[in-house]
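This report refers to the structure that appears directly beneath it.
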Amino acid sequence: MSTRPVAIGIIGAGIMGERMLGAILDQPQGAVSVAGIWDPSAAALDRIAARFPSVKRHTDSDAVIAASDCVYVASPPASHLGYGRATLQAGKTFFGEKPLAVDVADARAFVREAGGRGAVNFPFASSLGVAALAGWIDEGVVGAPTRIAIEVAFATWPRSWQADAASWLDRREEGGFTREVVSHFLFLSRRLGGPIAGLTAKAEFPEPGRSERRIEATFTAGGIPVTLTGSVGQTDKDDHNTWTIEGEGGAVRLRDWSVAERRGPDGTFEAAPDALPNEKARPIALRRQLDGVVRLARGEPHHLATLQEALDVQEVVEAILAS
């Protein structure tokens, strides 16, 4: 087994590309290295140069792929599979940003072609908060699960820190909070609950050409009934979410991305003693994700979201939006 660093190249110099680049550079030396970054936007690459002057900025996506062992694709969703196929054809490993794609038929074909040579960046796969929930569930805190409830809400969409990406994040074709945020909680439901089935949904698009402003859905995850609601403009918080699983023995939930909470006898939720807010938990999850990327690139078993899991999530996301 090779012990040399896994060279990770990045396609896409937006928020997620920059965030992953910082995480790679923060990793202990010896595990991963940066093979460089590329984006079609010169302004985006200039921003990267200002923050990370030592990182190589490639002239095109092919150059990134050629220099890498694994390529992290953090471009807008409609371009994921094109870069993914080029990566796999070059004999490299693909690690893509979610959602896997927006074209379900093309995504199905890609997953068949890729086999086990790729994974998707759902950080809940590496979340300490999710690990706490799983531990409580295994301990029997919930008992036999009877329901899962997912709630997401935003003051505005895109969120304030995403304004630079509004040109696609608020377009119906490949943007919207269902693809960008709800997909995480569908992945969580699938991983902790089981396969998703029986979807009934409604999505509202009140502004022509722009992304959804409200969704409602019901389905099952491993046979557990799930309710999902999402809205824009119904809260003053930039981003608020909860994922709750309840059973005959009690309830636990994940709040605001990272805070694991357990319901007490009085009905109120109390955070785990070691719970961290998202700004502190996110870097830890990213480091754990990169551990998985190293294993993926070396052909070893890993904990990352598989391409099949990501496809399952995409199927549900696109079905909600098509409703």
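The values are calculated or read from the model by the stated rules, or taken from the named source; none is laboratory data. Computed from a predicted model, the values in this text were never measured in an experiment. In this analysis, Cβ positions are derived from the backbone assuming ideal geometry, glycine residues included, and neighbour counts consider all displayed protein chains. With ligands, DNA and RNA removed, areas are computed over all heavy atoms of the protein, side chains included. Shrake-Rupley method; radii C 1.70, N 1.55, O 1.52, S 1.80 Å.
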Next item on the list: Might you check whether a residue that is part of a helix (DSSP H, G or I), surrounded by fewer than 17 Cβ atoms within 10 Å (Cβ to Cβ) and out of contact with any Ser or Thr (no Cβ under 7 Å at 6 or more places or on another chain) occurs anywhere in the stretch 140-155?
Entry: no
Item checked: Residue satisfying all of: in the stretch 24-38; small (Gly, Ala, Ser) and part of a strand (DSSP E or B); nearest to GLY12 (Cα to Cα) among these -> GLY36
Check: Could you list, in sequence order, the residues of the stretch 24-51 that are surrounded by 17 or more Cβ atoms within 10 Å (Cβ to Cβ), out of contact with any Phe, Trp or Tyr (no Cβ under 9 Å at 6 or more places or on another chain) and either within 27 Å of LEU169 (Cα to Cα) or among the aliphatic types (A, V, I, L, M) (or both)?
Finding: VAL32, ALA35, GLY36, TRP38, ASP39, ALA44, ILE48
Checklist line | Matching option when the condition is open to solvent by less than 40 Å² (accessible area, probe 1.4 Å) and more than 21 Å from the chain's Cα centre (by Cα), among GLY267, GLY247, GLY299, GLY230 | finding: GLY247
Note to self: Checking LEU276 against (1) among the aliphatic types (A, V, I, L, M); (2) within 21 Å of SER183 (Cβ to Cβ); (3) open to solvent by 20 Å² or more (accessible area, probe 1.4 Å), only one condition comes out false. Which one?
What the structure shows: (2)
Notebook entry, point to check: On the given criteria, is THR59 open to solvent by 20 Å² or more (accessible area, probe 1.4 Å) and out of contact with any Cys (no Cβ under 6 Å at 6 or more places or on another chain)?
Noted result: yes
Notebook entry, point to check: Restricting the search to the stretch 156-178, which residues are open to solvent by 10 Å² or more (accessible area, probe 1.4 Å), in contact with a Pro (Cβ under 8 Å, 6 or more places away or on another chain) and part of a helix (DSSP H, G or I)?
Noted result: ALA165, ALA166, TRP168
Check: Restricted to the stretch 90-112, and to residues that are touching a residue at least 24 places away in the same chain (Cβ under 8 Å) and part of a helix (DSSP H, G or I), which residue is nearest to THR306 (Cα to Cα)?
Finding: VAL111
Notebook entry, point to check: For the stretch 210-227, how many residues are in contact (Cβ under 8 Å) with a residue 40 or more places away in the chain, closer than 18 Å to TRP157 by Cα and assigned to a strand (DSSP E or B)?
Noted result: 2
Checklist line | Subset of the stretch 276-323 [part of a helix (DSSP H, G or I) and small (Gly, Ala, Ser)] | finding: ALA281, ALA285, GLY292, ALA297, ALA310, ALA319, ALA322
Note to self: Given the condition open to solvent by 10 Å² or more (accessible area, probe 1.4 Å), under 22 Å from ASP256 (Cβ atoms), at pLDDT 95 or above and not acidic (Asp, Glu), answer yes or no: does some residue in the stretch 196-212 qualify?
What the structure shows: no
Item checked: Pairs where the first residue, in the stretch 268-283, is farther than 14 Å from VAL130 by Cα and the second is assigned to a helix (DSSP H, G or I), C-beta under 8 Å, 6+ apart -> PRO283/ALA23; PRO283/ASP26
Check: Any chance the stretch 71-79 includes a residue that's part of a helix (DSSP H, G or I), free of Cβ contacts under 8 Å to residues at least 40 places away in the same chain and either under 29 Å from ALA163 (Cα atoms) or open to solvent by 30 Å² or more (accessible area, probe 1.4 Å) (or both)?
Finding: yes
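Have a look at GLY247, GLY292 and point out the one that is of a type outside the set (Phe, Trp, Tyr), farther than 17 Å from PHE122 by Cα and touching a residue at least 40 places away in the same chain (Cβ under 8 Å).
The conditions single out GLY247.
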Checklist line | Condition broken by GLY135, with the remaining ones in (1) small (Gly, Ala, Ser); (2) in contact (Cβ under 8 Å) with a residue 24 or more places away in the chain; (3) over 20 Å from SER79 (Cβ atoms) satisfied | finding: (2)
